[in-house]
Amino acid sequence: MKKKLHPYSINRPVDRRSFLKGGLLAGGAAMGAGLLANAPFARAQAQTQKSGPLNAGDIAILRFLAAAELIESDLWTQYAELGGIGNLPPIEIDPNEPLNPYQVALSNLDPDGPQYIASNALDEVSHATFLNAYLESRGAEPVNFDEFVTLPGSTAQGSTGASRLTNLMNLNVDTSWYIRYRSATNPDLGATFPQALTLNGVTAIPRTDADYEGKSNPNFPGNDHIQAIANVAAFHFGYIEQGGSSLYATMSQKVTDPEVLEITLGIGGDEIAHFLEWVDFSGNGVQAPVAPFADPISGLKFPNFFNPLNPLVQPSLIFPVPVEFKPNLPRVSIIRPLTDKFAGAVATVKSFTADGLFIGQSPKFLSLLQTMAVEADSAVRSGQ
């Protein structure tokens, strides 16, 4: 039986985020009206310019991206079941059920956090479903990982108890991205970055109901143990989405078909939107009133990054700092890395594996994923 979750809501004055959302929606509606006027002509062009089979390189790119999105769909669904609220089919919603302690801990980082988690999960599922459908529409084989959905998941309140493709309960979270985006040095030019926090062998979700228990914290609702798990999740959210941002930007440089490029740029832009939210979200776990604190059970410590203040970990710096792109050119604020070596398909598989996502997975799955990654990285834009 699927666990029912509570549709979290809170009444508060209009803030900067809701104002921006309203303005963007209003502007988008006006822009959409203009675009719709030209829709018939655009569709006619599409029929003549975007039909027929794809080349092998574009197929390899789309298949690896579909694979990556299936992996993301699996892990985000686990997060959404346990910590999300809102419209995540097929989970039923009971308005009278209180938030579980994990949802409370995530809400300490942002009152809208549980809704963002559910929305992020829906986005990733839509990406995976769309990419597979698009592959089929162009005569290519979709990606199916059903035989590898065998890993045990959480049994805590909220989980459906379904088998999983990924493991979120023994992670080695790479937090160097947090410093990378606050640094003016470029990884594609050889720069390296230390870890903002050491998060090795940690869980990002409650494993059982026992993880909901712990000593209450007087500074905020909940307890230090479940808050530490929520904080791990916050930094893992950022790790996953910054990786997706770089992967799509890197793959887009190889695409030949104009419509495929439209897709990779469009989905890649959505990954960037996710990433920026989680930059802000994770930073809330390393400043007052949440931090500093220590988890008495795991021993994890989360300092207040404002005390002492260090620009390389300053939580309020949520946008990418301008970085060197090429010698003799001004610095520019961009997604980075953007090269195969650090952001390509093979690099993504290596990063996911080091993260611990595939602990318990079969050698067959890892071999298949690696083969798909090599093929995607080998793609070259036609005419180059």
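Nothing in this text is a laboratory measurement; each read-out follows from the coordinates by a stated rule. These figures come from a predicted structure and were not determined experimentally. Positions of Cβ are backbone-derived with ideal geometry, glycine not excepted, and every protein chain shown enters the neighbour counts.
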Scan around PHE293 for amide H atoms under 5 Å from its own, H built in the peptide plane at 1.01 Å from N, and keep only partners 5 or more places away or cross-chain.
PHE302
Sequence order, the stretch 243-255: Karplus ³J(HN,Hα) from phi using 6.51 cos²θ - 1.76 cosθ + 1.60, θ = phi - 60°, Hz rounded, Gly and Pro as x, gives x, x, 4, 6, 4, 5, 5, 6, 5, 4, 5, 9, 6
Which FRET efficiency value, to the nearest 0.05, is calculated for SER137 and GLU213 with the Förster distance at 45 angstrom and r the Cβ-Cβ distance?
0.35
Ordering 185-195, 63-73 by per-residue average of other C-beta atoms within 10 angstrom, highest first, gives 63-73, 185-195
What length, rounded to one decimal in nm, is gained on full extension from GLU259 through to ALA191, with 0.36 nm per residue of separation minus their alpha-carbon distance?
21.1 nm
Determine, for each peptide in 282-293, 299-310, the mean count of other beta carbons within 10 angstrom over its residues, then list the peptides with the highest first.
282-293, 299-310
Value of relative contact order over the stretch 250-384, rounded to a whole percent, pairs C-alpha under 8 Å and six or more apart
25
Protection proxy ranking of 109-115, 377-383 - average other beta-carbon atoms within 10 Å, highest first:
109-115, 377-383
Over the stretch 52-377, relative contact order from alpha-carbon pairs under 8 Å, at least 6 apart, %
22
Roughly how many whole Å is it from the C-alpha centroid of the stretch 352-379 to that of the stretch 158-234?
22
Could you check the spin-label model distance between PHE365 and ALA56? Points 7 Å from the Cα along Cα→Cβ, value in nm.
2.9
